[in-house]
Amino acid sequence: MAMNTPAPARTRPAPRRGGGWLAVLRTPVGAAAGLLLGAVLVLAVIAPPLWHDQAATINTGDLLKGASSAHWAGTDNLGRDLFLRVLVATRLSVGLALLAMLVAVVAGLLLGTAAVVVGRRAARLIAAVVDIAVAFPGLLLALFFAVIFGVGTTGAVLAIGCATAPGFARLTQTLVAGVVARDYVAAARIAGVGRIRLLTRHVLPNIAEPLVVNATIGAGSALLSFAALSFLGLGVQGASYDWGRLLGEGLDGIYVHPAAALAPGVAVIVAGLAFNLFGEAVAKRIGLTGTGQPPSRGRAARPGAAPTARTSAEASTDVVLDVRDLTVTVTGPDGPVRPVRGVGFRLLRGEAVGIVGESGSGKSMTVLAVAGLLDERLQVDADRLTFLGTDLLSGSPRDHARLLGSSFAMVFQDPMTSFNPALRVGSQLAEVSRRHGGLNRRDAAARAVDRLRAVRIPAAERRAYQYPHEFSGGMRQRAMIGMGMMGSPALIVADEPTTALDVTVQRQVLRLIDSVRRSAAVATLLISHDVTVVGQVCDRVLVMYAGRIVEELPASELATKARHPYTRALVAAVPDMRSDPHRPLPVIPGRLPDPSELPVGCAFAPRCSLADDRCHRHEPPLETDADGRRVACWQADAEPRRGSDFDSRADVTPPSAHKTDARTHSAADAPAAPTGERP
Amino acid sequence: MTTLSQAPSRTLTRLTGNTWIRFAARRAGRLVLSLWALVTAAFLMIHLIPGDPVRAALGPTAAASLVAARRADLGLDDPLPVQYVHYLRDVLSGDLGTSMTFNLPTSQVIGDRLPATLQLALTAFAVAVVIAVPTGVLMGVLTRGGRARRIELGFTGTSVALGTIPDFLLGVLLVYVFGVSLGWLPVAGHTGPASYVLPVLSLAIGPAAVLARLLRVQMVTVIEADYMRTARAKRLPAAVLYLRHALPNALTATITVGGLLLSAMIAGTVLVENVFAWQGLGDTIVHSILAKDYPLVQGIVLVYGVGVLLVNVMVDVAVALLDPHSTTIREY
């Protein structure tokens, strides 16, 4: 462990930031490590001239004394002061470690850059040798080379250097490969720059920084390795002494005189740590290691028991999902932010409802909050949240788990990442029935096969034994739907289920969801940024903007009777066969407001051509009309101004960064219709 | 309809079968290559020693006739290729030469010492895993998504500190605390279960800390994965969620490092055996290096090397079992 000298491979070349080494001293760890390293180095320089003679003074009156005020670490068998000997040994210990590291760096560089200089065959041979050598622990290599180079100081330096070299060579190879692949090196090659010049001028300067950092870390390991070899009696010999040797001698008398072993041991650890920590701190500073820390999110209280005004008349058995005034609150550093603000809707048995809106409008968060799958540090409040008549805001989580696990199915966006790669597909399906349906292993497996067959997976029995990576994307998404059908689903929530799929497969998956809905009267909630898809497969559409529902209307009226300017803009942004090929595709100018910086008044007003003073001052309420359609707009009944509803400027980039809106974008050079001119 | 769905399935079966066979063949090929490199290196070791190894072993005062006789015994007067062929033949038939200091067949000396070392290394590895896996999983779950910052900081700090203390220094420290100060445990020799405690701990604590730290990071990453959201959507209990769905995926990355740690542990026995006067291979190799007993050194280096190579094979197989996808990816 201690001797595992090869430096950790850090592949990402450092961005050239000269301040890294100095700036690291400003971080607490960096400053401490730098200070420690400085102290060790200063000690290495000044200790021998100051105390060498004292440390060598034999005092026959003070043999093998314990620690005292005169001798902090006691004396050895010749009465020499051990504390001073440990201090004096700093130079040899650190110096030899650095020397060994130098050997390793030179040898590693020669081996690692060989690919640039020598021919392809020789380079491959070297790479193969390095590969085999790297597989062996450093200490084993060090012992091997110690036999060749002989016992003693020189032998140990060479042995540790050679033992560390393969790891360093590997690192260099990786870094060189990264640089050589870059364009300017290729350009230099084509321009006929010689191999050596290519190496010194283009390659080495670009890999120097990570190499130096790793050499610093490596020096710490070399120090430990050297201590180990000396401790074993294979390192420093004769009258000279380093920490390892002092340690070895001290261990023999540890019962009589523990300080003699502990003092050099502590010295080794401190010095090794100084090199290691400093190197790591610099590496972190200049971005060699990616310690991807997630951004800190503040704690929010557990969702409190929100008031549940239960009106018995509405607890109809046909209502699958009833959500009222749902709010999600994130407590950030700048106070609470609400990405979902007062959303309410109902889903009836067998009904297909779509939620549309730009990315970031709160669609996914709404359904995750309903499903109880949000991080529990986000606060979810609602006036009412019932699923199949069960209040999800109160009651035991265990009962909810059973109900939701068997009746509430979810289909996520990316089928490639939504299956567990380590488990067989069949068993991922079966565990739903084992957990919630009370089936035994055999019956659950049989049901999984049956469900896979139901979602038209060919050769379902064999497929069930396969791993997700053996499935195609479309097949995985179908299996995911099958997973939702393991219990007795009453609701399938599909969050952008087709965005990650090929266009041809998209249709299959949507049809499958639709056929499941029809055959078993399952309600479906389809989330999409694609108005066309939602218009085709849904009965009703909810349009969300900036965390609110801004319009609800029958899907059939989407193209013709939408009243909210935002809905109309979404519809207009989709080209169709009647679009005028000579006009640029209309886009919605501006961008979705950040939930933390919502404007006063209507959130859409800054992007709306119809907005007037009232829109900018007061947020419009969501009003229900006689037919049950809802809209939140002061201008809902105003006639859209012909042709000028939305800017059709081609120079405006599509503002609403759609997740993967392949359709609209690939159609960007295709015909586009001016808004408001539809029949 | 049937033919349509059957035809691609048969092809796929053949392909899946082939993936594993190809993986096994590739891995076996690499093992043979590495073994050959190892044996060659062991052979060359003696010939790379500057000067005459026999003279070095027998000392400057030994009679020239004795040196010559010993050289002839060892076959050192033959041309190098002939010696190489003889060496390969001997190694393959289990003959590792004769130890100069013990005057016994090297294989017999190794056979006597190997069990002690194996017991030490394997026990230490088992202890390291038993400490690391529950700790890493628990810490991962506790600190998921940036929770419990203080616990994370404390844990990371402690594990980094424990991980950087080299095993032999940890051994010295343990000897001092539990052997000298408290007098609870024996500090030397190989007598009964109590004598295992300190050597095993000195070998295991560092790797356990490294493994646990790595596993925590992996768990935290895995818990954020899409498929964990799927698993949560299935409303599975926490134990199933973390142990069945998260752990295997977190282990895949950890196991490679675990293998490196195990091979490092094999080498680490050399030092720890010397600290605790444990009569194993590590103790023997140091003495034989100092005594210039080259056939014995050669033999022990081979044994250690084979051990490391076997560990590497086991790691690759374990990774393949945990992450079936990895078998289809070609290594370098």
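The values are calculated or read from the model by the stated rules, or taken from the named source; none is laboratory data. Note that this is a predicted model, so its numbers are computed, not measured. Ideal geometry is used to build each Cβ from the backbone, glycine not excepted, and the neighbour counts take in all protein chains shown.
Looking at A:LEU234, A:LEU223 in this structure, which one is within 14 Å of chain B (Cβ to nearest Cβ) and not in a helix (DSSP H, G or I)?
Only one candidate qualifies: A:LEU234.
Considering region A:175-208 alone, what residues qualify as being closer than 24 Å to A:LEU99 by Cα and either surrounded by fewer than 19 Cβ atoms within 10 Å (Cβ to Cβ) or in contact with a strand residue (DSSP E or B) (Cβ under 9 Å, 6 or more places away or on another chain) (or both)?
Those that are closer than 24 Å to A:LEU99 by Cα and either surrounded by fewer than 19 Cβ atoms within 10 Å (Cβ to Cβ) or in contact with a strand residue (DSSP E or B) (Cβ under 9 Å, 6 or more places away or on another chain) (or both): A:THR200, A:LEU204, A:PRO205, A:ALA208.
What are the residues in region A:40-49 that are aliphatic (A, V, I, L, M) and in contact (Cβ under 8 Å) with a residue 40 or more places away in the chain, if any?
Result: A:VAL40, A:LEU41, A:LEU43, A:ALA44, A:VAL45, A:ALA47.
Quick check: is even one residue across region A:77-96 surrounded by fewer than 23 Cβ atoms within 10 Å (Cβ to Cβ), under 24 Å from A:ILE196 (Cα atoms) and aliphatic (A, V, I, L, M)?
Checked region A:77-96: no residue is surrounded by fewer than 23 Cβ atoms within 10 Å (Cβ to Cβ), under 24 Å from A:ILE196 (Cα atoms) and aliphatic (A, V, I, L, M).
Of all residues being part of a helix (DSSP H, G or I) and either surrounded by 16 or more Cβ atoms within 10 Å (Cβ to Cβ) or among the hydroxyl-bearing types (Ser, Thr, Tyr) (or both) in region B:314-324, which is modelled with the lowest pLDDT? Just the residue, please.
Ranking the candidates gives B:PRO324 first.
Sort through A:LEU125, A:LEU111 and tell me the only one that's assigned by TED's automatic domain parsing to the domain that holds A:ALA156 and touching a residue at least 40 places away in the same chain (Cβ under 8 Å).
After applying the criteria, what remains is A:LEU111.
Scan region B:245-264 and tell me whether some residue there is modelled with pLDDT under 90 and under 19 Å from B:GLY111 (Cα atoms).
Looking for residues that are modelled with pLDDT under 90 and under 19 Å from B:GLY111 (Cα atoms), one finds none in region B:245-264, hence no.
Search region A:361-382 for residues that are within 13 Å of another protein chain (Cβ to nearest Cβ) and under 19 Å from B:LEU236 (Cβ atoms) and pair each with any residue that is assigned to a loop (DSSP other than H, G, I, E, B) and not hydroxyl-bearing (Ser, Thr, Tyr) when their beta-carbon atoms are under 7 Å apart and the residues are at least 6 apart or on different chains.
Partner pairs satisfying both residue conditions: A:LEU368/A:LEU374; A:GLY372/A:LEU392; A:GLU376/A:ARG302.
Right, A:PHE345: modelled with pLDDT of 85 or more, in the same structural domain as A:LEU41 (by TED's automatic domain parsing) and either surrounded by 12 or more Cβ atoms within 10 Å (Cβ to Cβ) or over 30 Å from B:ARG144 (Cα atoms) (or both) or not?
So A:PHE345 fails the test.
Within region B:30-47, does at least one residue satisfy the condition of being closer than 30 Å to A:ALA135 by Cβ and at pLDDT below 80?
No, region B:30-47 contains no residue that is closer than 30 Å to A:ALA135 by Cβ and at pLDDT below 80.
Looking at the structure I just gave you, is A:VAL543 outside any strand (DSSP E or B), closer than 25 Å to A:ALA369 by Cβ, outside the structural domain of A:PRO620 (by TED's automatic domain parsing) and in contact with a strand residue (DSSP E or B) (Cβ under 9 Å, 6 or more places away or on another chain)?
no
Take the residues in region A:238-287 that are more than 11 Å from chain B (Cβ to nearest Cβ) and not in a helix (DSSP H, G or I); name whichever of them is surrounded by the most Cβ atoms within 10 Å (Cβ to Cβ).
The extreme case among them is A:ASP242.
Please indicate, with yes or no, whether at least one residue in region A:175-198 is assigned to a helix (DSSP H, G or I) and either within 30 Å of A:ASP242 (Cα to Cα) or of a type in the set (S, T, N, Q) (or both).
No, the conditions are met nowhere in region A:175-198.
Among the numbered conditions (1) touching a helix residue (DSSP H, G or I) at 6+ places or on another chain (Cβ under 8 Å); (2) exposed (fewer than 15 other Cβ atoms within 10 Å of the Cβ); (3) not basic (Lys, Arg), tell me where A:THR154 comes up short.
(1)
Step by step: first the residues of region A:527-565, then only those that are over 31 Å from the mean Cα position of the chain (by Cα) and basic (Lys, Arg), then the one that is nearest to A:CYS608 (Cα to Cα). Which residue is that?
Among residues in region A:527-565 that are over 31 Å from the mean Cα position of the chain (by Cα) and basic (Lys, Arg), the one nearest to A:CYS608 (Cα to Cα) is A:ARG563.
Can you name the residue in region B:253-276 that is of a type in the set (Ser, Thr, Tyr) and more than 7 Å from chain A (Cβ to nearest Cβ) and, of all such residues, is farthest from B:ALA209 (Cα to Cα)?
B:THR269
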